[in-house]
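Asks: Encoded as structure tokens, here's the structure I'll be asking about.
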Amino acid sequence: MDIDTAKRKEKKPHHGRNIRRARVFFDKNQEELAMLLNTNQKAVYNLEQQEIVDDKILMQVANIFNLPVEFFKKVQPDDMVQKYVLENNTLTVGDNALDSFNLNGAINNTITITGDAKYIKLCEDLSKVHEKVIKIVTKDLNTETAKNKKLEAELARVQKELEKYKNSTK
């Protein structure tokens, strides 16, 4: 066994850092994740500092991001550095900067990545989840826009009635 392999086997996955990676990937800040976990920002900060996170909490976070719990439990620090770098919604494969792409713009593109099948699957899952999130947010935005239009119409109607009432009492 060479020195690099021995060092890699010594390192354990850091659950908190993996939670942070997922949070950043999905463009959430600590306050937003805290709200989804029914806690506060400080608790999320502390969670991201923990090397080992309780399975119950990992399951909640996995459900929020629609990721397998194994992502948080098994991804090693060097795995993300050596194979894939997820930062600022950008996935970089290996050391080749030409293989970088922005996930926000890559939803309708076909991307081929060669490498370890497990990591490719995780990246594909992340991309699918990102796509689902965008659809959900778009649907929610459209629903809220429709609700706002109805409320604005109701407000205008009430304001007209109020104006009529004021004019009739003069």
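The values are calculated or read from the model by the stated rules, or taken from the named source; none is laboratory data. Small disclaimer: the values here were computed from a predicted structure and weren't measured. Neighbour counts are summed over all protein chains in view; Cβ atoms, including those assigned to glycine, are modelled from backbone coordinates with ideal geometry.
Asks: Counting just the residues of the stretch 45-57 that are hydrophobic (A, V, I, L, M, F, W, C) and in contact (Cβ under 8 Å) with a residue 24 or more places away in the chain, which one comes out surrounded by the most Cβ atoms within 10 Å (Cβ to Cβ)?
Replies: Only one residue fits best here, namely L47.
Asks: Right, another one. Quick check on the stretch 59-74. Is at least one of its residues at pLDDT 95 or above, in contact with a Leu (Cβ under 6 Å, 6 or more places away or on another chain), farther than 19 Å from I134 by Cα and among the β-branched types (V, I, T)?
Replies: Checking the stretch 59-74: not a single residue is at pLDDT 95 or above, in contact with a Leu (Cβ under 6 Å, 6 or more places away or on another chain), farther than 19 Å from I134 by Cα and among the β-branched types (V, I, T).
Asks: Quick one: which of G94, G115 is modelled with pLDDT of 50 or more and on the phi > 0 side of the Ramachandran plot?
Replies: Sole residue among the options that is modelled with pLDDT of 50 or more and on the phi > 0 side of the Ramachandran plot: G115.
Asks: So, in the stretch 14-27, how many residues would count as being among the charged types (D, E, K, R) and either closer than 17 Å to K128 by Cα or at pLDDT 95 or above (or both)?
Replies: Looking only at that region, the number is 3.
Asks: Follow-up. Can you find a residue in the stretch 31-49 that is modelled with pLDDT under 90 and either among the aromatic types (F, W, Y) or outside any helix (DSSP H, G or I) (or both)?
Replies: Looking through the stretch 31-49, none of the residues is modelled with pLDDT under 90 and either among the aromatic types (F, W, Y) or outside any helix (DSSP H, G or I) (or both).
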